[in-house]
1. Taking only DSSP H segments of four or more residues, each worth -39500 (n - 2.57), what value at 222 nm results for the chain once the sum is divided by all its residues, to the nearest 500 deg cm²/dmol?
2. How would Phe81, Phe45, Phe127, Phe89 line up from fewest to most surrounding beta-carbon atoms within 10 angstrom?
3. Quick check for me: using +1 on Lys/Arg Cβ and -1 on Asp/Glu Cβ, what's the dipole size of the chain about its Cα centre, in debye to the nearest 20?
4. Would you mind calculating the relative contact order of the range 6-134 from Cα pairs under 8 angstrom and at least 6 residues apart, reporting the percent as a whole number?
5. Beta carbons within 10 angstrom, averaged per residue: use that to sort the peptides 67-73, 32-38, highest first.
6. Quick query: amide H of Lys134 versus all other amide H atoms, modeled in the peptide plane; which residues come in under 5 Å with a sequence gap of 5 or more or a different chain?
7. Which whole-number percent of Cα pairs in the range 1-53 have a distance greater than 15 Å?
8. Based on alpha-carbon atoms only, what is the radius of gyration of the chain relative to the globular estimate 2.2 N^0.38 Å?
Amino acid sequence: MDYVKIDNDGQKIVSTNFWETEYALNGYCYLSINAGCYRLLVPKFHKDWLDEIKKAKEVVLSRGPARNLKPPKSDALEIMFEDHTEEPFVITISPEQMDRMPTDADGGWKGFFDIYYLDAAEPVQHFDRVYYRKVKELPCMKAVK
């Protein structure tokens, strides 16, 4: 896959080549972390995701082995858009779809989560509540108590 380049101004993405990369053209999203903010870049193929994401109240990130990915990954990240229903919207991504994995220092309720779509200059969705944890296995999809 192509190298994803992101220019930042703190938490904000100023520019990126993501939209022209093989990731975006093949329908893969990409997660970047900077200045305490997770930024998910969503390619045009997944416009329907935005309606699901907008229902969420907070984002829960779970890191662990993912046997549900093809091929299975020993380390991956589940992004759960918690809407407090029985079936929240969930995306599972591999390390190749991130500029870095969250660390133990990122644990608990911290930071922000922004959604970027179609080269938007501003996020199309912003969350003030983000929880990060490590789990034994993905999918996890468990609410934070």
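Each value in this text was obtained by applying a stated rule to the coordinates, not by laboratory testing. Quantities reported herein were computed from a predicted structural model and do not represent experimental measurements. As a convention, Cβ positions derive from the backbone with ideal geometry for all residues, glycine included, and neighbour counts pool all protein chains shown.
1. Calculated at 222 nm, the ellipticity per residue is -1500 deg cm²/dmol.
2. Phe45, Phe89, Phe127, Phe81
3. 520 debye
4. 26 percent
5. 32-38, 67-73
6. It is Arg63, by chain and number.
7. 48 percent
8. The value comes to 0.97.
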